[in-house]
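Participant: Got a structure for you, written out below as structure tokens; questions coming shortly.
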Amino acid sequence: MPSLSGLAEGADGIWNLLCKHEVTALHRSDDLVYEVRWLFTRLRGGETTTQVASVDRFGVVKKEARNSSSDISIERKDTHTYMLNIHGTQDSDSGEYHCIATPWYLSASTGAWTQAGELTSSRVFLTVRFAVWESLKLPLLYGVAASVGVGLFSLVLGLVCAQCCCRNTAHTPRSRNKLMDLEMD
């Protein structure tokens, strides 16, 4: 039975899920290949299981449609070990993951590949915690800095304009002795 282990968060928010297969049959590593499928069960909004990605026995990776911001990759560590990497995880990636491996054996007598029965791993629960403070810290800092900068710029610009453009605005009253005679008809 394959085991799903090594669940750890790596650098830059990458989750690594390791699928390691232990096959008891005596085959050389050149005579044994696997088809590996990774399945995901979302626990919120219905418990439907969907395929995330797969690797066929020729090593061709097929990724299924996922959410818009996280991406996945599959890495083959050795003959029996495959790793699913989830990049840019988000809350919608939370759920149970497991792998299904199908061994293919090369027959020494016929030279044909034979498919063996599927091996299913145990399920591993992945929880993605959204760090509110970490996601808001820089935008909040930039917003405050921009507001203070614009406010100070407005204040300085207002003072400069008041000093340059309006410096002779003191009101001088008219003297009463220079009245003009108005003639009325």
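Participant: Full-extension gain between Ala162 and Ser92, please, as 0.36 nm times their residue separation minus the C-alpha to C-alpha distance.
Facilitator: Length gained between Ala162 and Ser92: 19.6 nm.
Participant: Name the residues whose placed amide hydrogens come within less than 5 Å of the amide hydrogen of Ile72, ignoring near sequence neighbours (fewer than 5 apart) on the same chain.
Facilitator: His87
Participant: Taking all protein chains together and a probe of 1.4 Å, list Asp78, Asp31 from the most accessible to the least accessible.
Facilitator: Asp78, Asp31
The values are calculated or read from the model by the stated rules, or taken from the named source; none is laboratory data. As the structure is a prediction and not an experimental result, all values here were calculated from the model. We work out accessible area using only protein heavy atoms, side chains counted, and drop any ligands, DNA or RNA first. Shrake-Rupley method; radii C 1.70, N 1.55, O 1.52, S 1.80 Å.
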